Amino acid sequence: MSAATLPTGYVIYDGASLLNGERIVCVATLHSSNDKTGDMIQTWILVASHDPLYSSRHGLDAANCGSCAARGKPTFGERGQASERSCYVQIGQAPSAVWRHWAAGGYPAAVGHAGIAAVGRGRKVRLGAYGDMSAVPSYVADSLLSEAVGHTAYSHQSGDSASSFDAAIYMVSADNLVEAMAAWQRGARTFRVVADESEAVEGREIVCLNHTRGIQCIDCGLCDGAGRHPNAKSIVIPVHGAGAKYWPNGIENA
């Protein structure tokens, strides 16, 4: 098989979302040119029935993004995405390209623990380049990370008992300081978007090292939950991305 025909990723889950029961797929792509993360394996959690833009503007992204406030408000229009969407992910770009490639049958399935583990073997993994990995049964992430050498992961679903959220693996995506403090009390670590880096709580939080020093996630690795670095500080990052003008999108920051 030539390099040109090698898979660029694998389907590692195709089934019901733990968040609402709708069909989702999780694709793990093998390479990335993302300047912030570096060349990590990236997982994309996608609504199966429609492309990401359609899913956004019709509110179907509850299946892969849960109750995250950054999703914005459905417009039910014919084009575009949800209004007032503050999420930094530009869903019309990479998520849509991955969905189209999946819909065209471009990603083979990695089957069972051994197959999924082989995808992550010896690599660093980003859980949730788009979508929330805790919408996917826990065995998928467990298998993918079982032979990986590191990961990053974030979730807005720490309060959803139906999700597969695990504080040992995921950073809690906290929408405000009150939520962050509650997560700390539970022994979790947090990732929090702030208006200014001066809002980082001394002794508890540090500013993302990519923002302050240009270190890529693949070399940093601090956003890996409380399992490997239980005493590490939580992370804040100043609001950024295409949706920054809509942040905090109805969220009151303490």
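The values are calculated or read from the model by the stated rules, or taken from the named source; none is laboratory data. Model, not experiment: these values are computed from the prediction. We place every Cβ from the backbone using ideal geometry, glycine too, and count neighbours over all the protein chains shown.
If you scan region 214-238, which residues turn out to be in contact with a helix residue (DSSP H, G or I) (Cβ under 9 Å, 6 or more places away or on another chain), free of Cβ contacts under 8 Å to residues at least 60 places away in the same chain and farther than 21 Å from ILE41 by Cα?
Of everything in region 214-238, those that are in contact with a helix residue (DSSP H, G or I) (Cβ under 9 Å, 6 or more places away or on another chain), free of Cβ contacts under 8 Å to residues at least 60 places away in the same chain and farther than 21 Å from ILE41 by Cα turn out to be VAL236, ILE237, PRO238.
Of these, CYS208, CYS223, which one is touching a strand residue (DSSP E or B) at 6+ places or on another chain (Cβ under 9 Å), closer than 30 Å to PRO74 by Cβ and modelled with pLDDT of 95 or more?
Values: CYS208 fails: closer than 30 Å to PRO74 by Cβ.
Criteria check complete, one pass: CYS223.
Within region 121-140, work out how many residues are in contact (Cβ under 8 Å) with a residue 40 or more places away in the chain and more than 16 Å from the chain's Cα centre (by Cα).
Within region 121-140, residues that are in contact (Cβ under 8 Å) with a residue 40 or more places away in the chain and more than 16 Å from the chain's Cα centre (by Cα) number 1.
So which residues in region 33-74 are touching a Lys or Arg at 6+ places or on another chain (Cβ under 8 Å), surrounded by 17 or more Cβ atoms within 10 Å (Cβ to Cβ) and hydroxyl-bearing (Ser, Thr, Tyr), if there are any at all?
Answer for region 33-74, where residues must be touching a Lys or Arg at 6+ places or on another chain (Cβ under 8 Å), surrounded by 17 or more Cβ atoms within 10 Å (Cβ to Cβ) and hydroxyl-bearing (Ser, Thr, Tyr): THR37, THR43, SER56.
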